[in-house]
1. Residues of the range 351-400 being in contact (Cβ under 8 Å) with a residue 40 or more places away in the chain and assigned to a loop (DSSP other than H, G, I, E, B), which ones?
2. Scan the range 280-294 for residues that are in contact with a strand residue (DSSP E or B) (Cβ under 8 Å, 6 or more places away or on another chain) and either at positive phi or in contact (Cβ under 8 Å) with a residue 40 or more places away in the chain (or both) and report the count.
3. Hey, residue 268 hits all of (1) within 24 Å of residue 327 (Cα to Cα); (2) buried (at least 19 other Cβ atoms within 10 Å of the Cβ) but one; which does it fall short on?
4. Tally the residues that are part of a loop (DSSP other than H, G, I, E, B) and either within 25 Å of the chain's Cα centre (by Cα) or modelled with pLDDT of 85 or more (or both), restricting the search to the range 401-432.
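The values are calculated or read from the model by the stated rules, or taken from the named source; none is laboratory data. Values in this document were obtained by computation on a predicted structure and should not be read as measured data. Every residue, glycine as well, gets a Cβ built from its backbone with ideal geometry; the counts of neighbours run over all protein chains shown.
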């Protein structure tokens, strides 16, 4: 090999400098002694050529950094500093569109008001002309005739009397007919939220309408089995705990998200249904036997607040601290001390129902939802034993004025063989953060989302793995608790729980959330 100027620094041979690179050893720098020692027979390369190649490679990297990578990063930084993602322009465009809508609405209002003003002027003009004509007729015709008649009656001669009587008989006149005034009334149009949303427009994220994104699969936070039956689940003020109760059971249970029982309250009466006050967090319940409405105090004592006239099946406490009671034959609104709330016309706030067995109230809108079984159980309904009965969801405003009754999920078909798939048997309800209604549905074994304004079934939120979803409760932090019915439809062993209880025994409780999107609620809008 040609002689080269050594580069000092060989660690193995003191005083020797690097001369070559060993290609066989991943370009390791070696001296002359290394060539004949540990690298004997290896493929060698000149150190000067190797260094020249490395310099060219480094220079190419320097050029890439200075010409491409660094300028691009600097440009990205400037864009982040100046654009802010374009949200301010987006907000301005939304406001501008809203102002255009408001302007058009104002113009429409002005047009109708102007028309009413013109009609008012026309009616006033007609009224003035009618008044002038009638006044003239009164003063120039009727009143003089009255005066003459009175004069003849008091001091007229026989000739005057007979002459005037003859004139009256032979004279016919038609009094002036006033021109008809136009009647006016205002018939409000239907306010369509959907139409307003279409007029306002939509926000596209990365070019896509977020309203139509697929719903992500629910994320299961926990799943556990209870040692006691229950058919009502209501979340506490914190999303990781809930209260459970069973129809005519004497105890209510507070459990955490892992299924551990944190508190057991012995109510010493048969509890029909429970509700958790959104303001105090205390449990309220109703009792069939004495038709009472009771509350569990912070210390665990039970206080009876009032009694109702009919058998209470369910109740809910609103964010206004009102008590809505679902009774045999109807739903009624009370204050916490038992006074029936007036509907404004003297009668109570009331809604017709057959057996409203589960209820909930929206903290956003104040609306109230109830499930009415229409006096038919699930087995009889599926078997068609009561064809005139139809379980349904009732949604009312906070004064219990009816908004809609949802009796199907839009799957009704004319084909008789498909009648099974069109059946609808809701069991429990709650509201989501947007004021829409979540319903557990036993036929499809799913949780459905129903539009809180129209009653239209918008989508299936959750489908079980085969067990029927019974009770449901949504906490404001996005945690949804779904109670499942036990798989086997039979009565439990009497020795196992020291009592004979139905299929809800050993029901599993499934809390889950979905990934949040553009609302604070777990439902993707």
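1. 353, 355, 362, 363, 364, 365, 366, 367, 398, 399, 400
2. Initial filter on the range 280-294 (in contact with a strand residue (DSSP E or B) (Cβ under 8 Å, 6 or more places away or on another chain)): 282-294.
Then drop every residue that is not either at positive phi or in contact (Cβ under 8 Å) with a residue 40 or more places away in the chain (or both), which leaves 283, 285, 288, 291, 293.
Matching residues across the range 280-294 total 5.
3. Looking at each condition in turn, residue 268 falls short on (2).
4. Taking the range 401-432 as the starting set, the residues that turn out to be part of a loop (DSSP other than H, G, I, E, B) are 401, 407-415, 419-425, 432.
From what is left, the residues that are either within 25 Å of the chain's Cα centre (by Cα) or modelled with pLDDT of 85 or more (or both) are 401, 407-412, 422-425, 432.
Final tally of qualifying residues: 12.
This table checks each residue for (1) at pLDDT 85 or above; (2) touching a helix residue (DSSP H, G or I) at 6+ places or on another chain (Cβ under 6 Å); (3) over 27 Å from residue 199 (Cα atoms).
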residue: 57; (1), (2), (3): yes, no, yes
residue: 61; (1), (2), (3): yes, no, yes
residue: 65; (1), (2), (3): yes, no, yes
residue: 70; (1), (2), (3): yes, no, yes
residue: 80; (1), (2), (3): no, no, yes
residue: 86; (1), (2), (3): no, no, no
residue: 90; (1), (2), (3): no, no, no
residue: 107; (1), (2), (3): yes, no, no
